[in-house]
1. Which one is modelled with the highest pLDDT, of the residues in segment 67-90 that are in a strand (DSSP E or B) and of a type in the set (Asp, Glu)?
2. Condition first: among the β-branched types (Val, Ile, Thr) and surrounded by 18 or more Cβ atoms within 10 Å (Cβ to Cβ). Now tell me which residues in segment 1-34 satisfy that.
3. Which condition number does Val49 fail, the rest of (1) part of a helix (DSSP H, G or I); (2) in contact (Cβ under 8 Å) with a residue 60 or more places away in the chain being met?
4. I'd like to verify a number: residues in segment 13-35 that are touching a helix residue (DSSP H, G or I) at 6+ places or on another chain (Cβ under 8 Å) and either at positive phi or without any contact (Cβ under 8 Å) to a residue 60 or more places away in the chain (or both), how many?
5. Could you tell me which residue of segment 90-140 is surrounded by the most Cβ atoms within 10 Å (Cβ to Cβ), considering only residues that are among the charged types (D, E, K, R) and more than 12 Å from the ligand (Cβ to nearest atom)?
6. Would you check which residues across segment 27-38 are within 10 Å of the ligand (Cβ to nearest atom) and modelled with pLDDT of 95 or more and list them?
7. Determine, yes or no, whether Val231 is modelled with pLDDT of 85 or more, in a loop (DSSP other than H, G, I, E, B) and over 19 Å from Ala121 (Cα atoms).
8. Just give me the residues in segment 73-89 being within 13 Å of the ligand (Cβ to nearest atom) and surrounded by 16 or more Cβ atoms within 10 Å (Cβ to Cβ), in sequence order.
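The values are calculated or read from the model by the stated rules, or taken from the named source; none is laboratory data. Every value quoted in this text rests on a predicted model; they were computed, and no experiment measured them. Positions of Cβ are backbone-derived with ideal geometry, glycine not excepted, and every protein chain shown enters the neighbour counts.
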Amino acid sequence: MTRKIGSRYTAHQILGRGSAGTVWLGEGPEGPVAIKLLREDLASDQELVGRFVQERTALLSLDHARVVGVHDLVVDGNDLALVMDLVRGTDLRTRLDRERRMAPEAAVAIVADVADGLAAAHAAGIVHRDVKPENVLLDMQGPLGPGGAHPALLTDFGVAKLIDSPRRTRATKIIGTPDYLAPEIIEGLPPRAAVDIYALATVLYELLAGFTPFGGGHPGAVLRRHVTETVVPLPGIPEELWQLLVQCLAKAPASRLRASELAARLRELLPLVAGMPPLDVDEPDTEPSQAEEAYEDSAPEPREPSPRRGAVPLVPGSAPADSNRDTHTSMRVPGPDELAGGARGTARAPRAAGAARPGSAKHRASARRRRITLGVAGVVLAAAAGVGVYAASSSDAPPSAPDTSSPVSP
Ligand SMILES: Nc1ncnc2c1ncn2[C@@H]1O[C@H](COP(=O)(O)OP(=O)(O)OP(=O)(O)O)[C@@H](O)[C@H]1O
């Protein structure tokens, strides 16, 4: 199956699907490329096409070894496509799903690569806004680095910004992926470079632990934890690495490191973690608080099994059927009462492998978990039916505090 994309490109074979469209293996005048063909409903949105063209220069100018380069933007009839470097390998989510958690040396090396890519982007005034393992590609043809890690490249730059437009956004809605959302976004501030650092630190925690620091349960509960809870230490993690994580997961954006500093500090830590086996931690149980249960009870009735993880659609209208992933669902921003429910603390406390579970009624917890996951599925279906479309508003957001991090895109 081949199809022409504009006058210069041919798409040969589907590499994968995401919430915004389909990625194809293709061919252009300069050789093989990856072509991200946006969904038809997005491609027919004149406002989005306009922004696409507007952002062209910024997207095309980002040229760095740790960023998947965008070569061309094609607007042709019903086709709207980004032509990118072809990365022969896999994405970090696939690798993490396979390994469950990674040895610290490989995790640190991969995250240092991504931090390098972010540093270049931030210096150019571009904030990624959707840093997560799905958007990190591992180049299997590149040389093996520390811990046997392949070079890592960050992809999907600018896509969140393209999709997030005033008409599509409302004050109470959020765009992003809940597990990786910085607290200031949840509080309605415009996304600055520091949101990418928070998301990347979350990715590092996830590579080490096998789960994200504030994930689990209903997406609304995840948002609340980002704002109100502190990260729980990982058993066996070297102190210096832990301090770095804590600093980059700080609630205050100004307290986080810049991307270039993060990359440098991580590389300094490589000798310390060299040869360390993966951390020996068990995935913790999630005990929902009363506020979470109330939130979960307000979710629509489920009609289908739930996705594995809760998240918000990067693209309004996206549904599980759009993707071979389960990273996108929808939600509303939790209200003040729900956010206040964090006083009790529900962040998942990692347990050393084999350690006794915290003294809770196990069957009650698992029944609750079942209800939470079903609730998420209901929300996903509601989104698919057009009941809820959620995107972050920067237009109605309160003025931001002075940003001490790298510049942001205009
Ligand atoms: N430049 C590329 N080279 C090779 N494969 C790619 C490239 N970009 C994306 N892919 C692959 O295509 C698939 C879909 O990517 P896409 O970016 O559309 O979705 P995603 O990032 O997984 O999810 P979402 O966009 O919904 O967050 C992924 O499996 C990814 O590995």
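1. The selected residue is Asp72.
2. Passing the criteria: Ile5, Thr22, Val23, Val33.
3. Against the list (1) part of a helix (DSSP H, G or I); (2) in contact (Cβ under 8 Å) with a residue 60 or more places away in the chain, Val49 comes up short only on (2).
4. Residues flagged as touching a helix residue (DSSP H, G or I) at 6+ places or on another chain (Cβ under 8 Å) and either at positive phi or without any contact (Cβ under 8 Å) to a residue 60 or more places away in the chain (or both) within segment 13-35 amount to 1.
5. By that ranking, first place goes to Asp113.
6. Within segment 27-38, Pro32, Val33, Ala34, Ile35 meet the criteria.
7. When the stated conditions are applied, Val231 passes them.
8. Ala81, Leu82, Val83, Met84, Asp85, Leu86, Val87, Gly89
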